[in-house]
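Accompanying notes for the structure given below.
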Amino acid sequence: MIACVDVDYRGAGAIAACVVFSAWGDEQPVEEATVAIDQVQPYEPGQFFRRELPCLVAVLEKIKTPLQVIIIDGYVWLGDERDPGLGAYLYEAMEKRVPVIGVAKTKFIRARAVHEVMRGDSRSPLFVTAVGLTLFEATQRVREMHGEFRIPTMLKRVDQLCRGLTEPV
C-alpha cells in the first residue's frame, strides 16, 4: 500500500492526515486517517522537521495496513544526500523500512538530488526527491499517479483532508 501524508497548522496545534491507496493509478483511497495534535513545536528556519515529523508519525500510527511507500508534501533531501529534509527524517523514524518520496510544489534552490516532473497541462513542475528507492523510480511513480492536473489526485485528497475540506472515507 502507498500512503500520502500532510499536515495543516492551526494556531498552536495541527491536523495531520493520511490517505492510503493500493496502486499508483488509483483515484480512490482504501483507508484514511486524521489526528489532531494540540501542541506543535514552533517553526524554526532550517528545522521544519522538528515541527512536522511528530505529526506525521502520529497519523501513520493510526494506519493498520502495512505500507510500501510514503509520499510527503516536501523534500527528502535539502541539498545532496548528506543534507536531510523532512522525508529523510521520516525514513529514519520508520526504521528505514518504508521508502519515502518527497513531492514539492516549489523549488528549493539548494536541492541537488531532485528531479522535475511535469504533469497535465501545467507549465510548473513538481520537484521529486526520494530515499529507500531510486530517484528514477520515484519520478516514474509520481508520473503514474492518478490525475490529469499538476497535483496528483491522492496528494490533493490528503491536503483537503488535513485542512478539513473533506471528511475521511
Quick one: work out the % antiparallel among DSSP beta bridges in the chain, nearest 5.
75 percent
When the helices in the chain are scored as -39500 (n - 2.57) per DSSP H run of 4 or longer and the sum is shared across all residues, what 222 nm value do you end up with, to the nearest 500 deg cm²/dmol?
-7000 deg cm²/dmol
Bin by bin, in steps of 5 Å, what percent of the Cα pairs in region 54-101 do you find, going until the bin that has the longest distance?
5, 21, 32, 27, 9, 4, 1
With x for Gly and Pro, the residue-by-residue ³J(HN,Hα) of region 48-63, computed from phi through the Karplus equation 6.51 cos²θ - 1.76 cosθ + 1.60 at θ = phi - 60° and given in whole Hz, is 3, 4, 5, 7, 8, 4, x, 5, 5, 4, 4, 6, 5, 5, 7, 8
Given the candidates LEU126, VAL7, CYS162, the one whose Cα lies deepest towards the positive end of the charge dipole of the chain, counting +1 at each Lys or Arg C-beta and -1 at each Asp or Glu C-beta, is LEU126
Cα-centre dipole for the chain with unit charges at Cβ (Lys and Arg positive, Asp and Glu negative), debye to 20:
340 debye
Here region 108-114 yields Karplus 3J(HN,Hα) values (6.51, -1.76, 1.60; θ = phi - 60°; whole Hz; Gly and Pro given as x) of 9, 4, 7, 4, 10, 8, 9
State which entries of LYS62/LYS107; LYS64/LYS156; LYS64/LYS107 exceed 25 angstrom in Cα-Cα distance in the structure shown.
LYS62/LYS107; LYS64/LYS107
Inverting the mean 1/r over all pairs of different Cα atoms, compute the Kirkwood radius of the chain and quote it in Å.
15.8 Å
Taking each pair of distinct Cα atoms in region 75-169 once, what is the resulting Kirkwood hydrodynamic radius in Å?
13.9 Å
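Quick note: the coordinates plus some simple rules give every number you see, no bench work behind them. If you're wondering where the values come from, they're calculated on a predicted model, not measured in any experiment. A quick note on method: Cβ atoms are made from the backbone with ideal geometry, for glycine too, and the neighbour counts reach across all protein chains shown.
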